[in-house]
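Report on the structure given below.
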Amino acid sequence: MKHTLSVPGIAYGGDYNPEQWPEEVWVEDMRLMREAGVNLVSVGIFSWALLEPSEGRFDFSRMDRILDLLHENGIAADLATPTAAPPAWFFRAHPEALPVDESGRTLSYGSRQTFCPSSPAYRTAALRITRALAERYAGHPALAMWHVHNEYGCHNAACYCDTSAVAFRRWLRTRYADDLDRLNDAWGTTFWSQWYYDWDEILPPRATGADPNPAHRLDWRRFCSDELLALFTAERDVLRRAAPDVPATTNFMVNFSVDALDYWRWAPELDIVSNDHYLRSTDPEPEIDVALCGDLVRSLAGGPWLLMEHSTGAVNWQPVNRAKGPGEMRRNALAHVAHGADGIAFFQWRAAKAGAEQWHSAMLPHAGTDSRIWRDVVRLGADLRALAEVRGSTSPARVAVVWDWNARWALELPCQPSRELRFADLVRRWYEPLWRAGVAVDFIRPDTPDLDRYRLVLAPSLYLVDDTAAAGLAEFVERGGTLAVGFHSGAVDENCHVRLGGYPGAFREVLGVHGDEPFPLLPGDSVGLAGQVPPDATAGLWTEHIRLAGAESVARYADGVLAGVPAITRHSYGSGTAWYLATQPDPATLAAVLERMRQEAGVRPEREVPPGIEVVRRCGTDADYLFLIDHAGQGAEIPADGVELLTGKPVTGSVSVPEGGVAVVREPVTGFRIKK
Ligand code: GLA
């Protein structure tokens with residue numbers, strides 16, 4: 001974190017929308033927030049229509065009372081700029097600011113994020129309300145942090161209107177140094193007569209009958225992410241000028257698959273990185289997603305971060321919204337802390353009576369305080385107070401997983417050998433066995449310069465990679481590191497041009513293999529694997545025809561059209577080792593292969609734990625904090641020495657993790673530290 005939050009210990013709270021309730025309710029809110037130990041709430045996120053009843057006329061009376069009340073009750077405010085939901089009057093005056101979808105359909109106001117990110121009128125209006133708020137509240141004693149906008153791009157990551165087209169062309173002129181030939185070359189526009197003679201001929205990738213141009217689509221994704229980022233930095237700069245010491249954040253959504261933003265570009269612009277995380281009802285092991293996303297946000301932040309939203313129970317936006325089982329909310333929240341969160345917040349404080357989110361869970365449910373959720377909320381507040389000293393500690397890792405939004409966007413374009421490849425699923429597949437084994441993981445960008453702090457670097461899916469990143473990864477192996485690369489990686493450059501001469505393109509030499517044809521499998525199909533893999537090993541999703549060019553075969557296909565062809569290879573390169581997984585092994589086989597790599601690279605788990613126990617270590621200056629979370633409901637006895645912070649009891653020899661519960665042991669410093 002570049003800024004420190006002024007709230008002590010682990011921050012605790014949620015989105016607070018008092019404007020939806022009569023003022024008598026606010027008094028009860030304060031009493032109950034104190035009872036639960038809430039010390040930070042996000043206010044004003046969707047208050048634009050009430051704060052600015054008509055253009056340039058402000059009414060801050062309600063917000064004055066809310067902030068004063070919070071301050072009187074010792075609760076800090078994470079004050080939002082309300083720019084995610086422009087009021088109806090704005091769209092009546094500026095109908096051109098409404099977003100247009102791929103098919104040319106103009107969307108209506110009456111919900112939220114119903115604006116075009118490139119609209120000059122929107123930008124002017126957003127900065128006007130931001131400036132007014134900043135000037136009024138910069139010195140307010142309740143103000144601890146600015147919450148800029150809300151989940152940028154959640155509903156309007158891309159707008160295809162004419163204004164966006166102009167902005168896209170401007171962005172392209174910068175990217176291609178005003179040289180249209182460079183753009184034509186990068187986009188390969190000799191294909192299908194797509195050559196552009198004039199910048200004005202270029203459009204957003206609107207709906208077409210046949211497949212779009214992949215490079216055009218990819219640049220569009222980059223543009224959309226940058227366009228929203230420009231809105232963020234514009235607001236942030238207004239806030240910084242008014243209150244230079246107040247940190248600004250905006251809530252990321254790192255597990256959001258549609259229209260993702262390139263958060264590697266965003267994170268350095270935030271004073272404090274924060275994230276929202278929601279479980280998917282259909283995920284059989286959502287705790288793995290909690291951990292993966294926590295590690296990803298910690299990596300984006302380069303240290304501790306804030307969980308800005310999660311849910312006490314069910315959400316309301318999935319086809320069926322699963323409620324959380326006994327203890328699940330506590331396990332989720334404490335797992336976020338284990339993975340680096342220094343603050344835990346929910347959407348939202350009080351369950352809404354009206355509006356689109358009336359069936360979303362909250363800290364204070366419709367049923368009131370006589371409810372399981374409320375009791376759990378009060379208990380969690382006490383837990384977080386007990387963990388105050390954990391704040392600021394972090395989790396150094398010896399294993400890094402490459403995560404890249406450009407590679408993700410490119411992989412998921414519609415013109416692939418298989419449309420079944422999903423970047424986040426491929427990464428999760430590799431992350432799971434590491435999580436089960438209790439191995440700490442960082443996520444890195446592909447061009448990370450200081451790779452030598454890692455022993456093992458995994459690139460489960462790096463379809464697109466530029467020359468610099470590919471060279472950096474190869475040099476890491478040359479110097480003695482272990483690298484593992486997943487299938488269909490290194491295939492294209494930053495413009496989505498295929499790297500000629502054989503697959504996996506950019507990684508051919510370091511991996512010591514040569515591929516000449518992908519053989520993707522149909523959904524549900526699988527092939528057998530034989531060699532140094534468990535008996536009955538199988539693989540699915542993808543296979544390819546490769547031959548060894550220096551590497552050894554660890555496993556080959558046992559049947560099917562590629563019977564006998566290498567499927568998993570290992571290559572000694574320089575002083576290191578490079579593995580290629582040309583297929584997707586079944587989970588047990590993948591776990592075995594990753595374990596072998598890990599052992600050869602000398603990477604140990606944080607602690608040996610039985611199945612179902614998640615183990616994570618946060619390292620502080622004076623102590624280590626060992627988090628043990630029981631997802632299997634069996635309980636466990638784990639070797640440890642120190643003090644269990646949630647109960648305050650000393651631990652000698654071993655600690656009991658209660659069934660479905662959590663233990664956090666303060667131990668003497670043992671985990672390795674990254675030398676700065
Ligand atoms: C998002 C938003 C919140 C709320 C929640 C509901 O995260 O930021 O305003 O809509 O979803 O899950």
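Considering only DSSP states other than H, G, I, E and B, which trypsin sites (Lys or Arg not before Pro) in region 304-374 qualify as loop sites with at most 11 other Cβ atoms within 10 Å?
Lys353
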Cβ crowding within 10 Å averaged over residues, with 308-317, 21-30 ranked highest first: 308-317, 21-30
Value of relative contact order over region 247-370, rounded to a whole percent, pairs C-alpha under 8 Å and six or more apart: 22
Cβ-based charge dipole, region 613-667, positive-most Cα from Thr652, Gly620, Ala640: Gly620
Region 399-601 - Rg (one decimal) and Dmax (whole number), Cα, Å: 15.2, 42
Cα-based shape type of region 32-160, given that a ≥ b ≥ c are square roots of the gyration tensor eigenvalues and the cut on a/c is 1.5: prolate
Ellipsoid equivalent to region 231-370 - semi-axes via the Cα gyration tensor, in Å: 27, 18, 15
Whole-Å semi-axes of the ellipsoid equivalent to the chain (Cα gyration tensor, √5λ, descending): 41, 35, 21
Net +/- balance of residues flanking Gly550 in space, Cβ distance below 11 Å, scoring K and R +1, D and E -1: +1
Distant alpha-carbon pairs in region 549-676 (separation over 17 angstrom), percent: 68
Mean ellipticity per residue at 222 nm, deg cm²/dmol - from DSSP H runs of n ≥ 4 across the chain, formula -39500 (n - 2.57): -9500 deg cm²/dmol
Cα-centred dipole magnitude for region 613-667, charges only on beta-carbon of K, R (+1) and D, E (-1), debye, nearest 20: 120
Calculated over region 373-512: convex hull of Cα atoms, volume per residue (Å³): 155
Relative contact order (percent, whole number), region 399-601, Cα cutoff 8 Å, 6+ residue spacing: 20
Value of relative contact order over the chain, rounded to a whole percent, pairs C-alpha under 8 Å and six or more apart: 10
With 5 Å bins from 0: P(r) over region 371-436, alpha-carbon pairs, percent: 3, 11, 14, 12, 10, 12, 14, 11, 8, 4, 1
Calculated diffusion of region 422-500, Stokes-Einstein form, Kirkwood radius summed over Cα pairs, 10 °C and 1.306 mPa s, µm²/s: 119
Protection proxy ranking, peptides 596-609, 432-445, average beta carbon neighbours within 10 Å, highest first: 432-445, 596-609
Local electrostatic count at Gly381 - Lys and Arg +1, Asp and Glu -1, tallied over other residues with Cβ under 13 Å: +2
Cα-based Rg and Dmax for region 511-566, where Dmax is the largest Cα-Cα distance (Å): 11.0, 33
Bins of 10 Å from zero: percent of alpha-carbon pairs in region 1-95: 15, 43, 28, 12, 2
No Cys partner within the rule (Cβ under 4.7 Å), the chain: Cys154, Cys161, Cys224, Cys293, Cys415, Cys496, Cys619
Positive-end extreme of charge dipole, the chain - chosen from Ala397, Pro99, Gly490 (charges on Cβ): Ala397
Computed magnitude of the charge dipole of region 515-578 (debye, nearest 20; Cβ of K, R +1, Cβ of D, E -1): 220
Ser103 - accessible surface, heavy atoms, 1.4 Å probe, Å² rounded to 10: 100
Point-charge dipole on Cβ atoms (K/R +1, D/E -1) for region 1-148, about Cα centre, debye to 20: 460
Loop-resident sites, region 443-546, for trypsin sites (Lys or Arg not before Pro), counting at most 12 other Cβ within 10 Å (DSSP): Arg479
Per-bin percent of Cα-Cα distances, region 613-667 [10 Å]: 28, 58, 13, 0
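The values are calculated or read from the model by the stated rules, or taken from the named source; none is laboratory data. For clarity, every value in this text was computed on a predicted model and none was experimentally measured. Here Cβ is always computed from backbone atoms with ideal geometry, including for glycine, and neighbour counts include all displayed protein chains. Surface areas here come from the heavy atoms of the whole protein model, side chains and all, with no ligands, DNA or RNA. Shrake-Rupley method; radii C 1.70, N 1.55, O 1.52, S 1.80 Å.
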